[in-house]
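Here's the structure we're looking at; comments come further down.
We did not get these values from a lab; they are worked out from the coordinates using the rules stated. Computed from a prediction, not measured in an experiment: that's the story for all the values here. Quick reminder, even Gly has a Cβ in these numbers, built from the backbone with ideal geometry, and neighbours come from all protein chains shown.
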Amino acid sequence: MSRRGWLIFGALGLVWGLPYLFIKIAVADLAPPVIVFGRVFLGALVLIPVAWRSGALAAVRPKLRWIVAFALIEISGPWVLLTFAEQRVSSSLAALFISAVPLVGAVVAWTLRLDDRFDRTRILGLVLGIAGVASLVGLDVRGGSWIAVGAMVLTSIGYAIGPIIVSTRLRDVPSLGVIAVACLTNVVLYAPFAAIAWPASAPASAWGSVLVLGLVCTVGGFVLFFALIAEVGPTRTTVITYVNPAVAVLLGIAVLGEPVTAGILVGFPLVLLGSFLATRRAPAMEDEPVPA
């Protein structure tokens, strides 16, 4: 990888490790629909004009139905469910659960017969990954956090299916157009819910977190993501999936004072190793990571 590639990779690992921290800060004062609306509104505000000037918007019209499906599965459900979960669990635990997305993606791809190569290595990876998730649940989840676990499981499923829609139905559509329209779709969807839940007042830290989530994590993240694909290719870009949770855990511990738990020490390495083994592909295969 070139020096530029490493710089982009490092920036993207940080940018997509940030959402868990800023979601945790924002949910102390803002309802999940308000946070999600703020993210997609800022994303659409920046990306729609750029996509329009580049001609990417015109190219999405034939596939608008699939872009809406992608918007619902990749953003609408997962973002509000993840934000809801962080009202009840630490940002570190949320990030570690989402690190299991590659495992879910491998199972979904096999179920849909998009990838039939389930050899011993992949089966071992799934077993290790499941053991890691079980460790997280058994060691770190307490009481009312079970509803958050359900939300994170659904989030992981959405994050795993979204890239499959892109790779099978939207491969020939400009990525900028897809993300811009997906953000706009969610602006329309979440506007009434955000209006109902809009707070009479909230501290600057909450609105500042939404600003970071929208401009840095959504807009900046996708721009860096596409730049990294152009620089190193889709296959190498998937490695970012294993970096984001580590960044999120470190930020949660350093900034929020979240504890280093037994679940983190036992479950995280198992999930990462399991994800790596379960999603190993031949060089010709391509895959994509997902943002938080």
Obtain the nm distance between the two label points defined at ARG4 and ALA131 by a simple spin-label model: each point lies 7 Å from its Cα along the Cα-to-C-beta direction. 4.3 nm
Contact order relative to length of the chain, as percent, for alpha carbon pairs under 8 angstrom and 6 or more apart: 44 percent
For the stretch 62-176, what is the largest minus smallest coordinate of the Cα atoms on each principal axis, given in angstrom and ordered from greatest to least? 47, 37, 19
Hey, if you put +1 on the Cβ of every Lys and Arg and -1 on every Asp and Glu Cβ in the chain, which of ILE196, LEU211, TRP110 ends up farthest toward the positive end of that dipole? TRP110
Calculate one ³J(HN,Hα) per residue across the stretch 262-270 by plugging θ = phi - 60° into the Karplus curve 6.51 cos²θ - 1.76 cosθ + 1.60, and present them in order as whole Hz with x for glycine and proline. 5, x, 5, 5, 9, x, 4, x, 5
Placing one identical point scatterer on every Cα of the stretch 155-232 and ignoring solvent, what is log10 I(q)/I(0) from the Debye formula at q = 0.19, 0.20 Å⁻¹? -1.06, -1.14
Protection proxy ranking of 23-32, 62-71, 94-103 - average other beta-carbon atoms within 10 Å, highest first: 94-103, 23-32, 62-71
Gyration tensor over alpha-carbon atoms, the stretch 41-104, equivalent ellipsoid semi-axes in Å: 30, 15, 10
FRET efficiency for ALA262 and ALA28, Cβ-Cβ distance as r, R0 = 35 Å, nearest 0.05? 0.85
Say R0 is 41 Å: what FRET efficiency, to the nearest 0.05, do ASP172 and THR121 get from their beta-carbon distance? 0.80
Using a Förster distance of 25 Å, the FRET efficiency for TRP146-LEU112 (Cβ separation, nearest 0.05): 0.30
Run through every distinct alpha carbon pair of the chain and return the Kirkwood hydrodynamic radius in angstroms, one decimal place. 19.2 Å
Give me the one-decimal nm value for the distance between modelled label points at LEU154 and SER205, 7 Å along each residue's Cα-to-Cβ direction. 2.9 nm
